[in-house]
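Inspection log for the structure reproduced underneath, given as structure tokens.
The values are calculated or read from the model by the stated rules, or taken from the named source; none is laboratory data. Note that this is a predicted model, so its numbers are computed, not measured. Counting neighbours? That spans all protein chains shown, and the Cβs are built from the backbone with ideal geometry, glycine included.
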Amino acid sequence: MDSKSSFQNDYVMPERIVPYTRIDTTPKTDWTANFIWDDSDGSEENVWMCFRKTIELSEAPASLAAFVSADSKYWLYINGETAVFEGGVKRGPTPDGSYFDSVEIAPFLKAGRNVICALVWYWGKDTSYSNTDSGKGGFLFEAGTILSDSSWKVCRNTAYQKDTGHAQPNYRLPESNIYYDAREEIGDWLSADFDDSAWASAKENGTGGCAPWGTLFPRAIPLLKDYGLKDYENSGAFENKAFSAGKKLKLNIPHNAQCTPYLRIEADAGKIIRITTENTAIGSVHDTYITKDGAQEFEALGWFNGEHITYEIPAGVRVLSLKYRETGYNTAFSGSFTCGNKALNTLWQKSLRTLYVTMRDSFMDCPDRERAQWWGDVTNEMAMSMYALDPDAYLLYQKGVASMLGHIDPKTNVLQTVVPISQDFFELPVQQLAGICGFWTYYMYTGDRDFLSSVFDAAVNYVNLWQIGDNNLVEHRSGSWDWMDWGLAADATAIENAWYYYALSCIRRMAEVLGKSSDEISERMRRIRTGYASLWTKNGYKSENILSPDDRANALAVISGLAEKEQYDVICSVLKKKKNSSPYMEYYVLEALCQMGQYDAAEQRMLQRYRAMIRANDSTLWEHWIKKLGTQNHAWSGGPLVIMSKYFAGIRPVKAGYEEFIIRPQLTANDTVKCTVPTVKGYIHVTESKTNKGFALDATIPQGATALIYVPYSDGQTVTCNGAVIFQNNHFVAAGEISFVKVEQGFLAFSVSPSAEQTLHIAATN
């Protein structure tokens, strides 16, 4: 197996799960601080601005929250220490709104003189798929009586310049390349002793909430996790060396990471150092550093991602140290899955890395070419986070939903697929229908009824945009792109109608929970079911203009509930033969196979389709099945993580919020599966082992949850729990909190409702 097959995890599983919380979407309206800038109109693109404020405190406060907003990003330093590394959230809670951060700054303050510094980067691009440009740079700071106003000092950081010699990042990214000329530095301006008397006074441009930055909403997600400066895997090979000729140094990171590169060197002035990753060629941010005389250090603050960072070192430069700083969404890697198949283990871990590197200000499709919140990707990422990350990761999904709702035009009721976005709107209808299904998924895993309330009307209004024709099938809605999937030969009619029916069924379930009427939804479902039946052929579901049945359409027929069980054999045949789907839709094909009980077929298909990605020396999964066709990391490709934990280990909720959940192992050969699932109730830890002598299950059940445990069983076996017999001679034996439920398809089902967290050892032996 390749060098990336073993997962190098720098994150230690926490002892407890962060409690589930709802985001706060209440804007702050009582601002007294001003947005400040220099005396320009603030509209110039790609500007770095420095701010300083000196204050006197009679005593250090025990607690002091600072409310900070910037267009576009800021770095906050207090008394020479980093208080925030890359603060701010990309604009877009509403078409004209912004976010603000809440930062506890008391630990950085002291009695006496204090110096607060901020470095602010204004992007200023009006073409972006992830940020809405206000048109004007600005910085806002409010901490008690410490307010941003004209008493602050301001100076443009002229060491940051425009990069006119290299291609800029893909137009979908709001960031620009970093181009830093150390000869133009303004000195150690973060030092408390720095003389800023020559700096200008800041210009006040209106209190918080004013135009063009608009209403300010809480960022809702944690500040970034800063893992600190780290050595590359091969840093030692290049340290304390000078090169007589120019040389490209390729530095290796253990996994695909969001990072900022660092260097410490000795050089004469005017040497040009360029820093890139393997993703630069497809439109990612990259860096250029121009040296000054002597010893110097620099960290390029515009993050990029990759596994390999290349420094182009010119002749005459002595390298002292090369490092990188990994940053990312602040959550814990709390889930896990391992089994006897190393390829599956590798795929699970690569799926996890794929998920994590696409989380920052929002869930995104890829961290290099776009960094955009495409809703099909987001829906899959949300499902992955339920099996891999702490509930603090769920805030990122809630924030995304709130932003999508905040961009609904009441005249059209369209749910947009990418928000924020610089153009008027962007809609891929089938991704939005999948997103409505994701609303129900989110509720099932969290039990958050208030979340359902927040999305219900928008979901109903959106599905009502479709018209159903005389053939009882929807009239095609093309949206901004007429897109079903990147894969080949998509059966658009069958796919669209299946997604539509599935979305309707999820809305009907929402209505039942919320006590709302669903009569109109039910009537639409009845008509679509009637129309969809006309697509059935002896070879599977197929539209008239399609040559042969499509795997995606038939998979969605199962997942949506349109397919009848007597059709499963034919559909299974389609899913075993046809491989049209992209990695995005492959997740749903695998889900359908598992729902039909075809676990071996799901495993075989998964291993076959992902073979190249599993074997590749990459820590993350590609956008397409062929690496060179797209990005090397794409969120929508990580669905196997969910399939393995949900179906192979068999852990999934059957009542919202894990009030009741299933453990139904799918071991078909001698093997051991270990799986941990973080839930809103607590951890579920499971070890499942099958041998020639029987089956053993160790399971930790959280307090407040009921577990429905399925034990593989054959006639004549005795089943024990913690050493006590609970089933023998085909009869249940009463045992404390364990209740017998049923015998089903080779399984015994038992129900356990512990009064406190409990670990069970269940064994079925001959």
Next on the checklist: Quick check on region 359-391: of everything there that is among the hydroxyl-bearing types (Ser, Thr, Tyr) and under 11 Å from the mean Cα position of the chain (by Cα), which residue is nearest to Val430 (Cα to Cα)?
Outcome noted: Thr379
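Report yes if some residue within region 549-559 is more than 34 Å from the chain's Cα centre (by Cα), over 12 Å from Tyr501 (Cα atoms), among the hydrophobic types (A, V, I, L, M, F, W, C) and assigned by TED's automatic domain parsing to the domain that holds Asp491; otherwise report no. If you could, list the steps in order and put the result at the bottom.
First, the residues of region 549-559 that are more than 34 Å from the chain's Cα centre (by Cα): none.
No, region 549-559 contains no residue that is more than 34 Å from the chain's Cα centre (by Cα), over 12 Å from Tyr501 (Cα atoms), among the hydrophobic types (A, V, I, L, M, F, W, C) and assigned by TED's automatic domain parsing to the domain that holds Asp491.
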Checklist entry - If you go through region 237-258, how many residues are under 30 Å from Leu352 (Cα atoms) and either touching a His at 6+ places or on another chain (Cβ under 8 Å) or modelled with pLDDT under 95 (or both)? => result 4
Checklist entry - What's the number of the condition Leu547 fails, among (1) closer than 26 Å to Val463 by Cβ; (2) surrounded by fewer than 24 Cβ atoms within 10 Å (Cβ to Cβ)? => result (1)
Checklist entry - So, of the residues in region 139-176 that are part of a loop (DSSP other than H, G, I, E, B) and aliphatic (A, V, I, L, M), which turns out to be farthest from the chain's Cα centre (by Cα)? => result Ala159
Checklist outcome for this item: Per the filter on region 414-466, residues of a type in the set (S, T, N, Q) and in contact (Cβ under 8 Å) with a residue 60 or more places away in the chain are Thr417, Ser422, Thr441, Thr446, Ser453
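Restricting to region 744-755, name every residue that is within 20 Å of Phe661 (Cβ to Cβ) and either at pLDDT 90 or above or touching a Pro at 6+ places or on another chain (Cβ under 9 Å) (or both). Please lay out each step first, then the result.
Of region 744-755, the ones within 20 Å of Phe661 (Cβ to Cβ) are 744-745, 747-755.
Correct list: Phe747, Leu748, Ala749, Phe750, Ser751, Val752, Ser753, Pro754.
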Next on the checklist: Looking for something in a strand (DSSP E or B), touching a residue at least 60 places away in the same chain (Cβ under 8 Å), among the basic types (Lys, Arg) and touching a strand residue (DSSP E or B) at 6+ places or on another chain (Cβ under 8 Å) - is there at least one such residue anywhere in region 83-91?
Outcome noted: no
Checklist outcome for this item: So, first residue in the same structural domain as Ala490 (by TED's automatic domain parsing) in region 530-547, second residue of a type in the set (Lys, Arg) and in a loop (DSSP other than H, G, I, E, B), Cβ within less than 8 Å, six or more apart or across chains; the pairs are Leu535/Lys542
Item to check | So Ser334, is it over 23 Å from Glu623 (Cα atoms) and either surrounded by fewer than 22 Cβ atoms within 10 Å (Cβ to Cβ) or without any contact (Cβ under 8 Å) to a residue 24 or more places away in the chain (or both) | outcome: no
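Regarding Asp491, is this residue in the same structural domain as Leu433 (by TED's automatic domain parsing), more than 21 Å from Val414 (Cβ to Cβ) and in contact with a Pro (Cβ under 8 Å, 6 or more places away or on another chain)?
So Asp491 passes the test.
Residue-wise test of (1) touching a Pro at 6+ places or on another chain (Cβ under 7 Å); (2) crowded, with 17+ Cβ neighbours inside 10 Å; (3) not hydroxyl-bearing (Ser, Thr, Tyr).
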| residue | (1), (2), (3) |
| --- | --- |
| Val677 | no, yes, yes |
| Lys693 | no, no, yes |
| Val725 | no, no, yes |
| Glu737 | yes, no, yes |
Next on the checklist: within 22 Å of Trp625 (Cβ to Cβ), outside the structural domain of Trp625 (by TED's automatic domain parsing) and either free of Cβ contacts under 8 Å to residues at least 40 places away in the same chain or not aromatic (Phe, Trp, Tyr) (or both): is that true of Glu278 in this structure?
Outcome noted: yes
Next on the checklist: I want to confirm something. Restricting to region 243-274 and keeping residues that are touching a Gly at 6+ places or on another chain (Cβ under 9 Å), assigned to a strand (DSSP E or B) and polar (S, T, N, Q), which single residue is nearest to Thr291 (Cα to Cα)?
Outcome noted: Thr260
Checklist entry - Which of the residues spanning region 480-537 are buried (at least 17 other Cβ atoms within 10 Å of the Cβ) and of a type in the set (Val, Ile, Thr)? => result Thr493, Ile495, Ile507, Ile521, Ile528
Checklist entry - Taking the stated definitions as given, is Lys292 surrounded by fewer than 21 Cβ atoms within 10 Å (Cβ to Cβ) and at pLDDT 95 or above? => result yes
Item to check | Identity of the residue in region 341-357, among the polar types (S, T, N, Q) and assigned to a helix (DSSP H, G or I), that ends up farthest from Ile614 (Cα to Cα) | outcome: Thr354
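So which residues in region 101-129 are among the small types (Gly, Ala, Ser) and either touching a Lys or Arg at 6+ places or on another chain (Cβ under 6 Å) or crowded, with 22+ Cβ neighbours inside 10 Å (or both)?
First, the residues of region 101-129 that are among the small types (Gly, Ala, Ser): 102, 106, 111-112, 118, 124, 128.
Result: Ala118, Ser128.
Can you name every residue in region 427-472 that is of a type in the set (Asp, Glu) and part of a helix (DSSP H, G or I)?
Asp450, Asp457
For region 559-631, which helices (runs of 4 or more DSSP H) that fit wholly inside it have 1 or more residues that are within 16 Å of Lys350 (Cβ to Cβ) and without any contact (Cβ under 8 Å) to a residue 60 or more places away in the chain? Spell out how you get there, then give the answer.
Details: elements: 568-577, 583-595, 599-609, 611-615.
Ranges flagged: 583-595, 599-609, 611-615.
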Next on the checklist: Criterion first (in the same structural domain as Ala372 (by TED's automatic domain parsing), within 26 Å of the chain's Cα centre (by Cα) and surrounded by 20 or more Cβ atoms within 10 Å (Cβ to Cβ)) does Ile643 satisfy it?
Outcome noted: yes
